[in-house]
């Protein structure tokens, strides 16, 4: 990952310039500037309330930046928000699936809303291992299964930028492999992935680069290979 | 991006959830039923009062039911996901508005039957016209209601705000609904009031989707 | 600052003159006697209220469209003043009605519409106050102002037609014939209140701008 803002504007997955977001009087994210090339996985680390979720939500266009700018594969976050939404998939900390619907119905809904009404829902259910419970109401599923459903929902849109917020929490072992599969699938197709997590050990296995945030500001930007475990532990606030 | 498909998906999803959960229809049904019983008892159940009681009951049922159409998304924490799908937010308006319309219309049928019994009015002779007028009014309630449901999402005290905002704005619907229901029960009709309701519906169906996008925009 | 003081001075001057003409210089009404003098407060109150809401509508549309905070400051000020003057109009209308027509309230279209308008714009202020994010609150209040304003003519005529089928129209304040000296007094009062409104609007808008500046 480079800090060279003039390189390959159109080919970069994400370019941010001084991206900032304030809530009332507090800055959640400040002066975030980086370039993420395609086919890479960025690990976003930091202690609680360091702005990881806010940064992801900004890139997902769920929030508008208070300052600065950013673009995803050349589309500006604010001006071309709709185009950006076509490219991204965001999986937040809550599964955001409908309890009273079945897994199959949830995916069908997501497919229709994402502009892919003919998506092969059954095969996606299979990929995340939910075929057996596909027609049971989601409220009867375990948390791990709900999280896998949320992943499937993001995956079936074939995003070019995958944004995962604490993807490892609440996942069973099947789910953990899924995250790795999704990440490599996305990069293979030319996209990039940003994983925000405090479980940096898991994330390190897939990461090409790391961005650490403290109180909303970037403190460490660099290729994963150069950072030591101690650096990361410190950056992640010492949480293991 | 097929808007009709997205709107239909939202409507289907809302109705499916409602069918399985039955929370909104229960709440609105209870409120309407209690209003009718109370008003009927206190004011007397002469047939002449039926129209007014119907629309007051519908109005308050709407006040109770409308916040639920967006509240359910918040409860499922699905609102953000809904907003992050590509495509215009207007489609969400049309989908949710359609679902609300269908739910209130179902309530209307039940209320007409109830009124027929409790107020001794003949709802069968002109049942088509009664339903037509009812639905014309419900279109107006749904048009404004869907916008308001989104609007009060991020405001504290939303249960208190909904009646304060909806009832004054929807006053023409209630007034028109009452007059038209009265005239139909008396065997005639009123072109004037039909025009009023149609005008109201058209204006709000034009303006509200646009304002819905404004309301839903960003956090 | 200069314009503001000039406006304030003009308002005071006009109000003083208006008070003089309304209470002393103009003749009592043949039918209502001295009570007609309440009209010189009531009608301008209502007039200014509707003017305020018209301004709110325009600035709300502009704010929603262009998102410039200035439009919101004006909209906020106009809404507050509108609610104030609507309240005054309702109260003066009620006070006027009691001795002249024997009731504190009639259900005629003008009064009902004014009351509904009061509710809608109070709602807009509430939405602003109860929002966690002030910018969002401003946007939501603008939306209310817009749909409220569009509704006003529909509400008015709905009430008119709702009542005419069942009751003859009761005497509405505006249906009186006005003799020339009274008309002059009324116009003067209207002008005075409008200038006062302009002064207050400017003041409140400046205050809103300062408040927003301080927060940042």
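Mind checking whether some residue in segment B:56-68 is within 14 Å of chain A (Cβ to nearest Cβ) and either under 17 Å from the mean Cα position of the chain (by Cα) or part of a helix (DSSP H, G or I) (or both)? Yes, segment B:56-68 contains a residue that is within 14 Å of chain A (Cβ to nearest Cβ) and either under 17 Å from the mean Cα position of the chain (by Cα) or part of a helix (DSSP H, G or I) (or both). Suppose the filter is in a loop (DSSP other than H, G, I, E, B) and either within 17 Å of residue A:192 (Cβ to Cβ) or within 14 Å of chain B (Cβ to nearest Cβ) (or both); does residue A:49 pass it? When the stated conditions are applied, residue A:49 does not pass them.
What do you reckon, is residue A:58 within 14 Å of chain B (Cβ to nearest Cβ), at pLDDT 90 or above, surrounded by 24 or more Cβ atoms within 10 Å (Cβ to Cβ) and within 17 Å of residue A:216 (Cα to Cα)? Judged against the criteria, residue A:58 is a match.
Can you give me the number of residues within segment A:117-127 that are within 14 Å of chain B (Cβ to nearest Cβ) and modelled with pLDDT of 90 or more?
The total comes to 1.
The set of residues from segment A:62-90 being within 20 Å of residue A:183 (Cβ to Cβ) and more than 9 Å from chain B (Cβ to nearest Cβ) comprises A:72, A:73.
Check B:33, B:16 and return the single one that is surrounded by fewer than 18 Cβ atoms within 10 Å (Cβ to Cβ), assigned to a helix (DSSP H, G or I) and within 14 Å of chain A (Cβ to nearest Cβ).
Sole residue among the options that is surrounded by fewer than 18 Cβ atoms within 10 Å (Cβ to Cβ), assigned to a helix (DSSP H, G or I) and within 14 Å of chain A (Cβ to nearest Cβ): B:16.
Scanning segment C:132-166 for residues that are farther than 29 Å from residue B:217 by Cα, outside any helix (DSSP H, G or I) and within 9 Å of chain B (Cβ to nearest Cβ) yields a total of 1.
One residue alone among B:209, B:172, B:163, B:168 is touching a residue at least 40 places away in the same chain (Cβ under 8 Å) and within 11 Å of another protein chain (Cβ to nearest Cβ), and that residue is B:163.
From the list A:130, A:149, the one residue that fits, being over 22 Å from residue A:192 (Cα atoms) and either at pLDDT 90 or above or over 19 Å from the mean Cα position of the chain (by Cα) (or both), is A:130. Inspect segment B:99-109 for any residue being in contact with a helix residue (DSSP H, G or I) (Cβ under 9 Å, 6 or more places away or on another chain), crowded, with 20+ Cβ neighbours inside 10 Å and without any contact (Cβ under 8 Å) to a residue 12 or more places away in the chain and give the result as yes or no. The answer is no, given that none of the residues of segment B:99-109 is in contact with a helix residue (DSSP H, G or I) (Cβ under 9 Å, 6 or more places away or on another chain), crowded, with 20+ Cβ neighbours inside 10 Å and without any contact (Cβ under 8 Å) to a residue 12 or more places away in the chain. Return yes or no: is residue B:115 within 14 Å of chain C (Cβ to nearest Cβ) and either within 13 Å of the chain's Cα centre (by Cα) or on the phi < 0 side of the Ramachandran plot (or both)? Against the criterion (within 14 Å of chain C (Cβ to nearest Cβ) and either within 13 Å of the chain's Cα centre (by Cα) or on the phi < 0 side of the Ramachandran plot (or both)), residue B:115 does not qualify.
Looking at C:50, C:35, just one residue is within 28 Å of residue C:152 (Cα to Cα), under 22 Å from the mean Cα position of the chain (by Cα) and either in contact (Cβ under 8 Å) with a residue 40 or more places away in the chain or surrounded by fewer than 24 Cβ atoms within 10 Å (Cβ to Cβ) (or both), and that residue is C:50. Note on segment C:106-131: residues that are at the interface with chain B (Cβ under 7 Å from one of its Cβ atoms) and either closer than 30 Å to residue A:23 by Cβ or in contact (Cβ under 8 Å) with a residue 24 or more places away in the chain (or both) total 7. Scanning segment C:33-56 for residues that are modelled with pLDDT under 85 and more than 16 Å from residue C:189 (Cβ to Cβ) returns a single hit, C:33.
Evaluate the following for residue A:72: is it buried (at least 23 other Cβ atoms within 10 Å of the Cβ) and either closer than 26 Å to residue A:189 by Cβ or at pLDDT below 90 (or both)? Considered against the rule, which asks whether it is buried (at least 23 other Cβ atoms within 10 Å of the Cβ) and either closer than 26 Å to residue A:189 by Cβ or at pLDDT below 90 (or both), residue A:72 comes out as yes.
Looking only at residues of segment B:176-195 that are surrounded by 24 or more Cβ atoms within 10 Å (Cβ to Cβ) and facing chain C (nearest Cβ under 9 Å), we find that the one that is farthest from residue C:63 (Cα to Cα) is B:179. When you scan segment C:93-110, how many residues do you find that are buried (at least 17 other Cβ atoms within 10 Å of the Cβ) and either more than 23 Å from residue C:163 (Cα to Cα) or out of contact with any helix residue (DSSP H, G or I) (no Cβ under 6 Å at 6 or more places or on another chain) (or both)? Total satisfying the criteria: 4.
Within segment B:141-160, restricting attention to residues that are more than 14 Å from the chain's Cα centre (by Cα) and crowded, with 24+ Cβ neighbours inside 10 Å, the residue that is nearest to the other protein chains (Cβ to nearest Cβ) is B:151. In this entry, residue A:126 is excluded by the filter for residues that are part of a loop (DSSP other than H, G, I, E, B) and without any contact (Cβ under 8 Å) to a residue 12 or more places away in the chain.
Search segment A:106-116 for residues being out of contact with any helix residue (DSSP H, G or I) (no Cβ under 6 Å at 6 or more places or on another chain) and at the interface with chain B (Cβ under 7 Å from one of its Cβ atoms), and hand back the single one that is farthest from residue A:140 (Cα to Cα). Among those that are out of contact with any helix residue (DSSP H, G or I) (no Cβ under 6 Å at 6 or more places or on another chain) and at the interface with chain B (Cβ under 7 Å from one of its Cβ atoms), it is A:115.
When residue A:167 is tested against (1) away from every other protein chain (no Cβ under 14 Å); (2) within 22 Å of residue B:16 (Cα to Cα); (3) crowded, with 21+ Cβ neighbours inside 10 Å, exactly one condition is not met: (2).
Annotation: of all residues in segment B:131-140 being crowded, with 24+ Cβ neighbours inside 10 Å and under 9 Å from the mean Cα position of the chain (by Cα), the one that is nearest to residue B:166 (Cα to Cα) is B:140.
The values are calculated or read from the model by the stated rules, or taken from the named source; none is laboratory data. Just so it is clear, the model here is predicted, and its values are computed rather than measured. Please note: Cβ atoms are built from the backbone with ideal geometry, for glycine as well, and neighbour counts cover all protein chains shown.
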